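Working notes for the structure below.
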Amino acid sequence: MAALRTSSAPVTLPAKRDRSGPHPGTVRAHRYRWVIPWLFLAPALAFFAVFKFWPSIWGVYLSLFHVQPYLGDEWVGFANFSKAFSDPDLRAAVGHTVLDAAVAVAGSMFVGFLLALLLEAPARHVRILRTAVFLPAVTAMVAVAELWHALLFPGRYGAVNSLLGDFGVGPLPFLSSPNSSLATIMLVQIWKHAPYDMVIFIAGLVGIDRQLYESASIDGANAWQRLRAVTLPSLRPVTTIVLILGLIRGLRVFTEIYVLTNGGPGGSTESIVTTVYKTTVTNNDAGYASAISSLLLVATIILTSATLWWRHRRENA
Amino acid sequence: MAHQSAPRSEQRGHGVTTSALGLRLPRRLTARRGGRLAVRVVLYAIVAGIFVVPLWSMFATAFSADAPKLGEVMLWPRGLSTGNMRTAWNLGLGQGLLNSLIIVAFGLLLQISVSAFAAYALARKRFRGASFVLLAILATMMMPEEVIGIPLYLVVGRMHMLDTYPGLILPIVGWALPIYVLTGFMKQIPLELEEAARVDGAGDFRIFRSVIIPLSWPALGTCAVFGFLMIWDQYLLPLLIVHSPKMTTLTLVVTGLQASQEQGEGVRLAAAVVLMVPSILIYLGLQRLFERGLLSGSLKG
């Protein structure tokens with residue numbers, strides 16, 4: 001500890017100065033200099049290779065097989081993929097996932113933006129409230145799902161229902177009806193992710209040149225016009241980032257659905273990843289699950305690349 | 001005319017600086033401003049009610065001595081008791097907490113060291129293939145656990161690490177985010193410091209350890225917080241990899257209690273509280289760390 005502290009002090013390492021001298025080993029040192037960055041990169045690249053790239057590639061490979069533990073894998077060509085494209089359950093799951101991703105992302109951004117406008121002020125009590133509002137974003141999704149599972153108890157005595165009852169609404173079935181289950185999950189997701197978007201928007205709002213507001217006010221713009229003409233355009237780059245993160249996050253939705261409804265009732269909330277999980281664990285068909293995963297991977301890559309490319313072009317235009 | 005309006009617009013402009021839309025708390029209360037203030041307070045109350053009260057009710061129900069009725073979640077505990085917590089503890093919560101702490105401690109240590117090494121090369125070295133490495137790291141961002149979960153589970157199985165700590169720790173070590181954060185931060189460290197050390201005969205590892213790392217503490221702290229939350233939230237991976245109760249993690253215990261219907265809401269929420277509290281403590285620590293990091297960054301220029 002003491003050694004660490006002295007070594008972090010301004011850099012003078014007199015002990016070594018004489019030895020390096022007028023560089024006797026320079027030629028050799030230069031020759032192997034190119035190795036040094038790769039030595040530093042090696043651990044990270046090794047972990048990525050084994051736990052990211054290998055599974056990704058192996059997943060594509062496995063999707064060409066009927067995977068059977070103990071019996072050996074059987075080559076089936078593209079059968080898993082043609083099954084995926086004609087599977088009505090998977091199609092429904094893709095529909096739920098895309099709808100969920102779109103609504104939850106848009107909803108989180110909208111609520112997050114409102115929160116940002118409301119809680120942007122630097123006053124102390126606002127900062128405390130802002131800190132408190134951010135708590136759902138850092139709470140583990142499992143805990144959030146557990147909490148809302150309790151709060152959204154479907155009967156009249158459920159916490160949210162009894163509150164709604166005071167206003168003469170309900171009782172609503174929430175997660176227990178196929179008609180409202182997916183919408184309920186979206187609300188829980190918005191509750192968790194909106195504070196996160198709020199922070200991103202606040203960072204964006206702080207970055208806006210205050211003189212723009214000033215000149216807009218001088219020109220007689222009201223609050224709504226200032227919002228439309230100054231705030232929203234200035235936030236567009238930030239919005240793109242939030243959108244990318246949100247959509248990627250949305251396509252791989254698993255935890256909240258698995259904990260809140262386990263895909264039910266009646267498959268009404270089944271998502272792509274819950275389907276993959278059940279295909280593996282319940283149906284023991286890792287080949288088909290890999291095929292679905294590979295398609296999801298390709299979709300994620302295309303979506304992200306397209307967004308990055310689009311943003312790159314915009315910035316350079 | 002122009003003469004007169006100049007100072008007034010100055011004043012208005014000053015008011016605008018406090019908030020994006022120029023909506024701000026008034027210094028002097030007039031009827032109109034009072035109305036605005038009331039609207040603000042009501043909006044604050046609604047926001048707090050939606051985002052904070054549910055979390056609070058979790059604590060209240062978990063520590064209530066009186067068991068909640070069916071479907072009930074309490075706003076205020078009816079008598080304080082740790083009975084729910086003790087029941088949950090006996091049902092594996094303690095084992096889950098211990099395992100999760102082990103996983104997060106080793107996982108975070110590895111994740112940050114590995115990321116710091118990689119960031120040093122990317123930020124401080126110019127070498128052939130750097131753009132390829134950056135592209136590869138970007139690609140891994142599109143391969144989260146949920147997307148590659150099944151083949152990842154099979155890979156872990158092939159390495160005979162199912163139901164072991166390494167099986168739960170090693171897959172989450174490689175993460176693009178800390179590499180990006182640290183690379184960005186290390187790029188800002190002035191080259192003169194490194195050159196001074198090099199003149200003094202320090203090699204790359206020495207420079208990394210004695211110059212770059214001590215200056216990167218704020219960024220390392222940021223990475224530690226994000227890494228903690230990422231590892232702490234893991235659910236699908238333990239769900240696939242853990243088979244025995246001995247290896248169970250906190251998230252698995254919390255959802256496992258939900259499945260065992262005989263336990264009341266209080267016990268289940270007590271487990272969820274244990275899952276939630278460390279993240280919240282870490283986040284409240286992050287805030288200060290963030291501010292300190294920003295401050296030191298701006299001082300160093």
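All of the numbers you see were taken from the coordinates with simple rules; none came from a lab. Predicted model, so just to flag it, every value in this text is computed and none were measured. As a convention, Cβ positions derive from the backbone with ideal geometry for all residues, glycine included, and neighbour counts pool all protein chains shown.
Taking a 26 Å limit on the Cα-Cα distance, which of the listed pairs A:K278/B:K69; A:K278/B:K246; A:K52/A:K278 fall beyond it?
Distance filter (> 26 Å) returns A:K278/B:K69.
Given DSSP loops and a limit of at most 16 other Cβ atoms within 10 Å, what is the longest stretch of chain A that contains no such chymotrypsin sites (Phe, Trp or Tyr not before Pro)?
Values: sites that count: A:Y32, A:W34, A:Y70, A:F78, A:Y157, A:F167.
The longest uninterrupted stretch comes out as A:168-317.
Exposure proxy check: B:H243, A:H149, A:H193 ranked by fewest other beta carbons within 10 Å?
Arranged by neighbour count, lowest to highest, B:H243, A:H149, A:H193 become B:H243, A:H149, A:H193.
What aspartates and glutamates sit close enough to B:K187 to cross-link, taking a C-alpha to C-alpha distance under 16 Å and skipping anything fewer than 8 places away on the same chain?
The reachable aspartates and glutamates, counting only those whose Cα sits under 16 Å from B:K187, are B:E195, B:D204.
For the pair B:F127/A:L114, report the inter-label distance in nm, with labels modelled 7 Å from Cα in the Cβ direction.
5.1 nm
For the range B:208-253 and the range A:206-229, what is the separation of their C-alpha centers, rounded to whole Å?
43 Å
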